[in-house]
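Worksheet for the structure shown next.
Just so it is clear, none of the values below were taken in a lab; they were calculated from the coordinates. Because the structure is predicted, anything quoted here is derived from the model rather than measured. Ideal geometry is used to build each Cβ from the backbone, glycine not excepted, and the neighbour counts take in all protein chains shown.
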Amino acid sequence: MELRALRLAPAAVVLVASLASVAGAGTGGGTVASTRNGLLGPILVNASGRTLYHTSAERRGVVTCTGACAVRWPPLLVSASARPAAGAGVRALWLATVKRPDGRLQASYHGFALYLFAGDTRAGQVNGQGSGGRWHAVAPSGVVVTKAASSTSASGGSSSGDMSGSGSMTTTGPSPSVNPGMWCAANPTQCVNGVPINH
């Protein structure tokens, strides 16, 4: 019996070590840097170059993205013994942490809690931009970036994604081949609850 317990012990140690490394993923100093994205301009990224986002559903200093939300939008976690580190182009004074409901610390910038997007698999991607009309990349200037991430609009016109659209594009809605949710993310004033308003 003792021999059997001894044989299982090394396997248990490996299993515990593996679980600890998974649980600790994403923690540490939480380096925040600035880069220039071809679609959005200057944005904040993590140490791996992945885009950092914030949701307008959260007030400054208050975290509400938990559970399934935090799986889709993983928080940029910081270990209790570290502070977020300022990379190039980032104002160190604006870096801080906010306590999540589970007690872990999350990096914040100018009061915005910072998140990654599970749909971004490599540096430079901005697939989360405009998601649900609430998720946006954060600029080094301390504001959220509201530009659309697509290089062309639904009907091939301007891709600015700001609130000042004009012309027929704003009254016709997306073409049949365009995802309405993506079009609404780029043209929020032309949608209600993620549904285009067709005139």
Inset, instruction - Starting from the Cα of residue 48, step 7 Å along the direction of its Cβ; do the same at residue 88; then give the gap between the two resulting points in nm. - result: 2.1
Inset, instruction - At 7 Å along the Cα-to-beta-carbon direction for both residue 60 and residue 134, put a label point, then send me their distance in nm to one decimal. - result: 2.0
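Sum up the charges of everything whose Cβ sits under 14 Å from the Cβ of residue 98, counting Lys and Arg as +1 and Asp and Glu as -1, but leave residue 98 out. List each step's numbers first, then the result.
Details: positive: 59, 60, 83, 99, 100, 104; negative: 58, 102.
Taking every other residue near residue 98 into account, the sum is +4.
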Legend entry - Residue-count net charge about residue 59 - beta-carbon cut-off 15 Å; Lys, Arg +1, Asp, Glu -1: +3
Legend entry - Computed over the range 30-119, Cα set: Rg, Dmax in Å: 12.3, 36
Legend entry - Cut-off 14 Å between beta-carbons: net charge of the residues surrounding residue 49, Lys and Arg +1, Asp and Glu -1: +2
